[in-house]
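The values are calculated or read from the model by the stated rules, or taken from the named source; none is laboratory data. Because the structure is predicted, anything quoted here is derived from the model rather than measured. Cβ sites come from the backbone with ideal geometry, for glycine too, and all protein chains shown count toward neighbours.
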Amino acid sequence: MTKLKQANQWVSLATNVAVVAGLIVLIVEINQNTVALENQIDVAIYADAPIVMLAEHPDLAELHVRSESEAWDSFSPVEQERLSALWALSLDSAELQFRLRQRGSEQLTAENMVFPQRLLNRDSFRTFWREAEGSGVLDPEFVTFFNTYMMKFGN
């Protein structure tokens, strides 16, 4: 009877160890899913920020529409600053996506990045980008990636 009791104790111990290991794996999975979900939420919030800004400020929306056809130099310094603030939000979103995907397993490609592609063909945006690109503030790897993105989707 002692051998049977001892065998039961070993089986019980092995079962408990397996349960604890399973719980640890479950906790790790839940943590990874939570981080992935938080990253997606961050991207969605950043991606919507320019839209919200335009909706809340009709004068900025008008300026944004003008930027489709007017050159950067035609805007006053104040207007350039306002457009820069708006477009910086879009670039922040793109850079956030770039950084999040660098840290994770998903690879960021031009096809799966959330960015308003209509901006890429605006002379005013391209001038803004050249200034931002040369400022030294942006991650050089992101600059390379975004230049590739612009070549692929811009005219």
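Here are a few things to note about the model shown:
- Which listed residue, of ARG118, ARG130, is part of a helix (DSSP H, G or I), closer than 25 Å to SER69 by Cα and at pLDDT 90 or above: ARG130
- Checking the stated criteria, GLU70 turns out not to satisfy the condition of being part of a helix (DSSP H, G or I) and acidic (Asp, Glu).
- Residues considered: LEU96, LEU89. Of these, the only one that is closer than 18 Å to GLU131 by Cα, touching a residue at least 40 places away in the same chain (Cβ under 8 Å) and either among the aliphatic types (A, V, I, L, M) or in contact with a Lys or Arg (Cβ under 8 Å, 6 or more places away or on another chain) (or both) is LEU89.
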